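**Q** Supplied in structure tokens, the structure appears directly below.
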Amino acid sequence: AFQQTLIVSVGGALVLLAALLGFLYVLLLRTDQGIRAQQEDLQASEEQYRSTLNELPVGVVVHASDTSIVLSNPEATNILGLTFEQMAGKTVVYPAWTFVYEDSTIMKVKDYPVSKVFSTKKPLRDYLLGVRGPDRDHITWVLVNAMPTFANDGEVEQVVVNVMDITERKRAEEALKEAEQRWIALTNNTDDIIQVLDTD
């Protein structure tokens with residue numbers, strides 16, 4: 001009787017163990033499927049994000065806390081005159097490019113957009129500067145906006161910079177300014193009477 005009871009108890013325990021193992025297997029299978037689905041969703045989201053980033057008509061550059069470049073899109077590489085491979089990991093003091101003020105003098109590192117955001121911990125809006133890239137004899141004029149992202153400790157973790165090429169607009173403004181200066185010089189250095197009339 002004791003042996004029979006023991007066999008029934010062991011058999012019951014084995015059935016219970018088998019049921020538990022089956023339940024754990026189904027749970028692990030569902031968890032694995034859930035993780036795979038999440039990974040697929042994340043990958044699709046990343047691909048969509050990267051596709052959108054690559055199609056933007058403005059340059060986007062992301063700098064890590066040491067100012068090294070961790071991400072850039074094609075428009076940014078076009079503006080700076082370097083490939084992403086050449087830019088990746090480079091800091092703002094990388095000698096392949098030079099930033100200049102509006103008067104075309106060399107910009108101090110403390111006034112670089114990324115430097116300003118790290119020092120102030122505030123966004124930078126509509127900051128005009130020129131960029132001299134490698135193998136270029138001209139300045140590319142850009143309008144820069146930069147936004148900090150913060151770590152849990154409140155320190156700036158990354159700076160996202162977007163750059164818009166306004167070289168043609170800048171050239172047009174300079175041409176207009178030169179024309180105005182020529183007109184002023186002409187009118188100030190003549191003894192003739194000059195009148196400007198509208199169509200009426």
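The values are calculated or read from the model by the stated rules, or taken from the named source; none is laboratory data. Since the model is a prediction, treat every value here as computed from it, not as a measurement. Neighbour counts run over all protein chains shown; Cβ positions are idealised from the backbone, glycine included. Quick note on the areas: whole protein, heavy atoms, side chains included, nothing else; ligands and nucleic acids left out. Shrake-Rupley method; radii C 1.70, N 1.55, O 1.52, S 1.80 Å.
**Q** Please state which of the following conditions Ile69 fails to meet, knowing it meets all the rest: (1) of a type in the set (A, V, I, L, M, F, W, C); (2) touching a helix residue (DSSP H, G or I) at 6+ places or on another chain (Cβ under 8 Å); (3) within 21 Å of Asp137 (Cα to Cα).
**A** (3)
**Q** Quick test of your reading of the structure: Lys177 fulfils all but one of (1) in contact with a Pro (Cβ under 9 Å, 6 or more places away or on another chain); (2) in a helix (DSSP H, G or I). Name the failing condition by number.
**A** With respect to (1) in contact with a Pro (Cβ under 9 Å, 6 or more places away or on another chain); (2) in a helix (DSSP H, G or I), Lys177 is out only on (1).
**Q** Run down Val144, Val109, Val160 and say which single residue is in contact with a His (Cβ under 9 Å, 6 or more places away or on another chain) and surrounded by 11 or more Cβ atoms within 10 Å (Cβ to Cβ).
**A** None of the other options fit; the residue is Val160.
**Q** Would you tally the residues in the range 112-132 being open to solvent by 10 Å² or more (accessible area, probe 1.4 Å), in contact (Cβ under 8 Å) with a residue 24 or more places away in the chain and in contact with a helix residue (DSSP H, G or I) (Cβ under 9 Å, 6 or more places away or on another chain)?
**A** 5
**Q** I've got another one for you. In the range 116-160, what count of residues is obtained for those that are within 19 Å of Thr77 (Cβ to Cβ) and aliphatic (A, V, I, L, M)?
**A** Residues meeting the conditions: 9.
**Q** Go through (1) out of contact with any Lys or Arg (no Cβ under 8 Å at 6 or more places or on another chain); (2) surrounded by 13 or more Cβ atoms within 10 Å (Cβ to Cβ) and name the single condition Ser68 misses.
**A** (1)
**Q** Then there is this: Test Leu56 against the stated conditions and say whether it is modelled with pLDDT of 85 or more and under 15 Å from the mean Cα position of the chain (by Cα).
**A** For Leu56, the condition - modelled with pLDDT of 85 or more and under 15 Å from the mean Cα position of the chain (by Cα) - is not met.
**Q** If Phe150 meets every condition in (1) over 17 Å from the mean Cα position of the chain (by Cα); (2) surrounded by fewer than 12 Cβ atoms within 10 Å (Cβ to Cβ) apart from one, which number is that one?
**A** (1)
**Q** Given the conditions (1) open to solvent by 100 Å² or more (accessible area, probe 1.4 Å); (2) modelled with pLDDT under 85, which single one is not true for Thr199?
**A** Thr199 satisfies all of (1) open to solvent by 100 Å² or more (accessible area, probe 1.4 Å); (2) modelled with pLDDT under 85 except (2).
**Q** Among the residues of the range 55-65, which ones are open to solvent by 50 Å² or more (accessible area, probe 1.4 Å) and either in a helix (DSSP H, G or I) or closer than 17 Å to Ala146 by Cβ (or both)?
**A** Residues satisfying the conditions are Glu55, Leu56, Ser65.
**Q** Could you check the range 81-106 and list, in sequence order, the residues that are open to solvent by 40 Å² or more (accessible area, probe 1.4 Å) and touching a helix residue (DSSP H, G or I) at 6+ places or on another chain (Cβ under 7 Å)?
**A** Thr83, Phe84, Val93
**Q** Which one of the conditions (1) open to solvent by less than 80 Å² (accessible area, probe 1.4 Å); (2) at pLDDT 70 or above; (3) assigned to a helix (DSSP H, G or I); (4) out of contact with any strand residue (DSSP E or B) (no Cβ under 6 Å at 6 or more places or on another chain) does Glu75 fail to meet, given that it meets all the rest?
**A** If we test Glu75 against (1) open to solvent by less than 80 Å² (accessible area, probe 1.4 Å); (2) at pLDDT 70 or above; (3) assigned to a helix (DSSP H, G or I); (4) out of contact with any strand residue (DSSP E or B) (no Cβ under 6 Å at 6 or more places or on another chain), just (4) comes out false.
**Q** With respect to Thr190, determine if the residue is part of a loop (DSSP other than H, G, I, E, B), more than 26 Å from Ser65 (Cβ to Cβ) and either open to solvent by 80 Å² or more (accessible area, probe 1.4 Å) or of a type in the set (A, V, I, L, M) (or both).
**A** no
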